[in-house]
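The values are calculated or read from the model by the stated rules, or taken from the named source; none is laboratory data. Keep in mind the model is a prediction, meaning the values are calculated, not measured. FYI the Cβ positions are ideal-geometry reconstructions off the backbone, even for glycines, and counts take in every protein chain you see.
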Amino acid sequence: MNVLIHRGASEIGGTCIQLSTENTTLLLDLGLPLSNESNSIDVSNLKPDAVLISHPHQDHFGLIDLLAPDIPVYIGELGKRLIDATRVLLGKELHSNDFHHFQSWQPFRLGDFTVTPYLVDHSAVDAYGFLIEADGKRIFYSGDFRAHGRKAKLFDSMVGKPLKDIDLLFLEGTMIQRDNSEFPNESDVEKKIFETIRHQENISFLIFSSQNIDRVVSAYRACLHARKTLVIDIYTAWVLEQLKLVSDSTPNMEWDLVRVYSSHGHDEKLKEHPDFFGDFRKRVYKYRVTKEELTASSADFLYLGKMSSFKIIDLYRGAKPVNVIYSQWLGYLAVSNDNFYGAEAMASYRSDPQVHFVYAHTSGHATVEDLKAYAKAMNPKMLVPVHTEHGALFAQNFQNVTQITDGERFLL
Ligand SMILES: [Zn+2]
């Protein structure tokens, strides 16, 4: 089997790995780079037979709109729904790719390949690793994963009953030089949120990535504990509706102490796309909270928003400081990149006397200790670093490491 990392051997994000047999070529992910200095890929020149998307984060699927529309793209159904919702609410066309869905732990054929998706614990829902078999070889692509989220048992079962005879493991190494010890898991994040909001005198904002469902759960539990009301935006409300597909234990707008704030822009999008949203606009009405209600008793609310929603924060900066609970990777605040709209405003809150800036985040990625346990259990003949800035440090932590560079081909 031929192996080629188009991109992602020595950076976090922009992942794209190619595997080919004599008759079939597959791509694992086709992501947008997070860094402006990344190598570019000429996607129009890639003619794979299929593309597998590990999870619905931009750094893994963000370039699929550059693919020829007849190339099949495989992704989890829920992940696809979340991507669609983002597009519709941003006023973008839906992707015109030829989408197909898979089920976790159900093998399927793609030409010469047999692919088996494995659901993993990550900060995105519907995230997978893939076992890929062809030409008598077994490759495992870890995708992005961790062992300390609310679905940690997926990691435990992977390590407890590991796959056997893996010839090559592509292992993500986001955390190789990063520390997760301040908030080792979601309960620690939940506790920090609770402590921040329990005696608040003004509204709190929690800034997070709205596909981070574990974080919604933590925020909701903190609200329940502190008797505050969780305010979600239309996007999050819609995402939580989609989650009913797979879980009945995730909060949604119908739950106690949850209200929905609908901006004018979002409401317009709901109106424009009744075909997409069905009766959601009508149903959401019951759970709405208005700007006036938020202002009248601001200390009762925890508002969940994205980095780009800083304008609403500015409305409440006044006599009493607002809490801004920054609940995602701090590194975004240091990156000057057009991809991170709102980062500049967010960074400025750190020294703003009208803002009580609080950090509360646990990583979406496995710690070095967890990566070691994973690699040891998988015991691959060859371990190739991906999704890392520190591939050179892999050999200190794992066995059988072969570091390859973007664009380097090799035969397995
Ligand atoms: Zn990633």
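crowded, with 20+ Cβ neighbours inside 10 Å, part of a loop (DSSP other than H, G, I, E, B) and in contact (Cβ under 8 Å) with a residue 24 or more places away in the chain: does that describe Glu11?
yes
Take the conditions assigned by TED's automatic domain parsing to the domain that holds Val239 and either crowded, with 19+ Cβ neighbours inside 10 Å or assigned to a loop (DSSP other than H, G, I, E, B) (or both) and apply them to Lys282. Does it pass?
Answer is no for this residue.
Tell me, yes or no, whether segment 186-195 has at least one residue that is farther than 23 Å from Leu333 by Cβ and aromatic (Phe, Trp, Tyr).
yes
Take Gly364 and tell me if it is under 20 Å from Ser142 (Cα atoms) and within 16 Å of the ligand (Cβ to nearest atom).
yes
Which members of segment 15-32 meet the condition of being within 15 Å of the ligand (Cβ to nearest atom) and part of a loop (DSSP other than H, G, I, E, B)?
Listed by number, the residues that qualify are Thr15, Asp29, Leu30, Gly31, Leu32.
Given the criteria within 16 Å of the ligand (Cβ to nearest atom), of a type in the set (Ser, Thr, Tyr) and out of contact with any helix residue (DSSP H, G or I) (no Cβ under 8 Å at 6 or more places or on another chain), does Ser35 qualify?
yes
Take the residues in segment 336-361 that are within 16 Å of the ligand (Cβ to nearest atom) and within 23 Å of Ser204 (Cα to Cα); name whichever of them is modelled with the lowest pLDDT. Before the answer, list the steps.
Residues of segment 336-361 that are within 16 Å of the ligand (Cβ to nearest atom), as a first pass: 337, 339-340, 361.
So of that shortlist, the ones also within 23 Å of Ser204 (Cα to Cα) come out as 340, 361.
Values: Phe340: 76, His361: 97.
It comes out as Phe340.
Inside segment 305-412, counting only helices (runs of 4 or more DSSP H) that do not spill past its ends, which hold 1 or more residues that are more than 30 Å from Leu46 (Cβ to Cβ), assigned by TED's automatic domain parsing to the domain that holds Ser38 and in contact (Cβ under 8 Å) with a residue 24 or more places away in the chain? Steps first, please.
Numbers: elements: 310-316, 343-349, 368-378, 394-397.
Counting at least 1 such residues, we get 368-378, 394-397.
This table checks each residue for (1) surrounded by 18 or more Cβ atoms within 10 Å (Cβ to Cβ); (2) in a strand (DSSP E or B).
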| position | (1), (2) |
| --- | --- |
| Thr86 | no, no |
| Gly129 | yes, yes |
| Thr196 | yes, no |
| Glu201 | no, no |
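Is it true that Ser40 is surrounded by fewer than 22 Cβ atoms within 10 Å (Cβ to Cβ), away from the ligand (no atom under 16 Å from the Cβ) and either within 18 Å of Asp144 (Cα to Cα) or not basic (Lys, Arg) (or both)?
It is true that Ser40 is surrounded by fewer than 22 Cβ atoms within 10 Å (Cβ to Cβ), away from the ligand (no atom under 16 Å from the Cβ) and either within 18 Å of Asp144 (Cα to Cα) or not basic (Lys, Arg) (or both).
Just checking, does segment 65-79 include any residue being closer than 30 Å to Leu393 by Cα and within 16 Å of the ligand (Cβ to nearest atom)?
No, because not a single residue in segment 65-79 is closer than 30 Å to Leu393 by Cα and within 16 Å of the ligand (Cβ to nearest atom).
Filter segment 178-193 down to the residues that are away from the ligand (no atom under 16 Å from the Cβ), surrounded by fewer than 19 Cβ atoms within 10 Å (Cβ to Cβ) and outside any helix (DSSP H, G or I) and list them by number.
Passing the criteria: Asp179, Ser181, Glu182, Pro184, Asn185.
So for segment 133-151 (the condition being assigned by TED's automatic domain parsing to the domain that holds Val386 and in contact with a Lys or Arg (Cβ under 7 Å, 6 or more places away or on another chain)), does at least one residue qualify?
Taking segment 133-151 first, the residues assigned by TED's automatic domain parsing to the domain that holds Val386 are 133-151.
When the remaining residues are screened for being in contact with a Lys or Arg (Cβ under 7 Å, 6 or more places away or on another chain), the result is none.
Within segment 133-151, not a single residue is assigned by TED's automatic domain parsing to the domain that holds Val386 and in contact with a Lys or Arg (Cβ under 7 Å, 6 or more places away or on another chain).
If Ser209 meets every condition in (1) of a type in the set (Gly, Ala, Ser); (2) assigned to a helix (DSSP H, G or I); (3) closer than 17 Å to Tyr326 by Cβ apart from one, which number is that one?
Result: Ser209 passes all but (2).
Within segment 4-14, is there a residue that is within 18 Å of Thr388 (Cα to Cα) and more than 16 Å from the ligand (Cβ to nearest atom)?
So far as segment 4-14 goes, yes, one or more of its residues are within 18 Å of Thr388 (Cα to Cα) and more than 16 Å from the ligand (Cβ to nearest atom).
Among (1) crowded, with 19+ Cβ neighbours inside 10 Å; (2) of a type in the set (A, V, I, L, M, F, W, C); (3) closer than 20 Å to Gln211 by Cβ, where does Leu294 come up short?
With respect to (1) crowded, with 19+ Cβ neighbours inside 10 Å; (2) of a type in the set (A, V, I, L, M, F, W, C); (3) closer than 20 Å to Gln211 by Cβ, Leu294 is out only on (3).
For segment 26-40, enumerate the residues that are at pLDDT 90 or above and under 22 Å from the mean Cα position of the chain (by Cα).
Correct list: Leu27, Leu28, Asp29, Leu30, Gly31, Leu32, Pro33.
From Pro48, Pro56, grab the single residue that is away from the ligand (no atom under 16 Å from the Cβ) and assigned to a loop (DSSP other than H, G, I, E, B).
Pro48
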